[in-house]
Structures are given as C-alpha cells and as structure tokens.
Amino acid sequence: MKILIRTDASIQIGNGHVMRCLTLADALKKEGADCHFICRGHEGNMLELIRQKGHKAHALPVAKKQAPVAILDKKLDYQS
C-alpha cells in the first residue's frame with residue numbers, strides 16, 4: 001500500500017505536525033506501507049529527517065510571497 005502524506009515544517013510554523021505524521025508513517029511502514037511525504041522546501045523543513053527515518057520525501061517549491069497571514073495578532077509569512 002502506498003501512503004501519501006502532505007505536511008510542512010518551517011522556522012515559522014514549527015515541526016509538531018511533521019513529527020506526528022512521522023510517528024504514523026513509522027507504524028504504517030511496520031505494516032508494509034510505502035510512505036511518501038510531500039513538503040514545501042521552507043527554511044527549517046524536515047525533509048532530511050523524513051528520509052533518515054526511511055521514508056520518501058518530495059519537496060514542493062516555496063510559493064512566492066503574498067500578504068502575511070495574521071494569526072493571534074502575529075503576522076506570519078507562510079504559504080501553504
């Protein structure tokens with residue numbers, strides 16, 4: 001079975017979601033799944049860690065800058 005996981009990490013958004021997805025992918029791999037991650041190549045991405053854990057990681061280009069997104073009164077410059 002092939003599994004595709006779409007998740008991002010960066011110095012702005014952190015890495016918790018990627019780490020949770022890695023835990024799931026590790027468990028699926030033990031059951032014979034072939035897990036592929038698709039992540040944007042933001043600064044602070046975790047593509048190498050994903051590969052070191054034995055999964056395939058594919059980098060998407062970083063989107064051109066657009067207007068910052070305001071979250072909890074903080075402006076983040078992140079594009080999904």
For this session: Only residues in segment 27-41 that are within 28 Å of V62 (Cα to Cα) count as the first member; pair them with residues that are assigned to a helix (DSSP H, G or I) and open to solvent by 40 Å² or more (accessible area, probe 1.4 Å), Cβ under 8 angstrom, at least 6 apart or cross-chain, and list the lot.
Result: C35/L28; C35/K29
For this session: Report yes if some residue within segment 32-50 is in a strand (DSSP E or B), open to solvent by 60 Å² or more (accessible area, probe 1.4 Å), closer than 19 Å to H17 by Cβ and at pLDDT 55 or above; otherwise report no.
Result: no
For this session: Examine segment 9-16 for a residue that is hydrophobic (A, V, I, L, M, F, W, C) and within 11 Å of H55 (Cβ to Cβ), and state whether such a residue exists.
Result: no
Problem set entry | Condition met for K56 (out of contact with any strand residue (DSSP E or B) (no Cβ under 6 Å at 6 or more places or on another chain) and either surrounded by fewer than 14 Cβ atoms within 10 Å (Cβ to Cβ) or not aliphatic (A, V, I, L, M) (or both)) | no
Problem set entry | Options D77, D8, D73, D26; residue that is modelled with pLDDT of 90 or more and surrounded by fewer than 16 Cβ atoms within 10 Å (Cβ to Cβ) | D26
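The values are calculated or read from the model by the stated rules, or taken from the named source; none is laboratory data. In this text, all values refer to a predicted model and were calculated from it rather than measured experimentally. In this analysis, Cβ positions are derived from the backbone assuming ideal geometry, glycine residues included, and neighbour counts consider all displayed protein chains. Side chains are part of the model used for accessible areas, which takes the heavy atoms of the whole protein and leaves out ligands, DNA and RNA. Shrake-Rupley method; radii C 1.70, N 1.55, O 1.52, S 1.80 Å.
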